[in-house]
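*Asks:* This is the structure I want to talk about, given as structure tokens.
Just so it is clear, none of the values below were taken in a lab; they were calculated from the coordinates. Not measured: the values here are computed from a predicted model. Virtual Cβ from ideal backbone geometry, glycine too; neighbours counted across all protein chains shown.
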Amino acid sequence: MQIANENQFQALQAYVSPVLSPLTIGRYDADKQLFPIEMGEKTKQIFVPIEKAQHFKENFNTHIAYVEGEFTFKNEQPLYNWSIIMQTEEGDKYIFDRGQTV
């Protein structure tokens, strides 16, 4: 059984590949509890509770970003649901992007 074709994987890879590039963190918005994270030419917002914001930023270069996903089916069509996650050394996980590829 073929879950997804090569074009679908290439489209997903093109979208999430900047996570393998250096990430930069912007200025924290305390009202919204969001940090902007720049991934190549894209900027995404990541929710970080205010009580963890300073520690999160100070230790930003030690965090690990990775893609996590799973295949599901909807109306007999394969779907790949994915998230880009940033994990701290303490094990806290923050989702800063997610999507679905058909």
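*Asks:* Within segment 53-77, whose backbone N sits under 15 Å from a point 7 Å along Cα→Cβ of residue 93?
*Replies:* Taking a point 7 Å out along Cα→Cβ of residue 93, the residues of segment 53-77 whose backbone N falls under 15 Å are 64-71.
*Asks:* Can you compute 3J(HN,Hα) from phi for each residue in segment 66-77, using the Karplus curve 6.51 cos²θ - 1.76 cosθ + 1.60 with θ = phi - 60°, rounded to whole Hz and x for Gly and Pro?
*Replies:* Values, residue by residue: 8, 9, 10, x, 8, 8, 9, 10, 9, 6, 6, 9 Hz.
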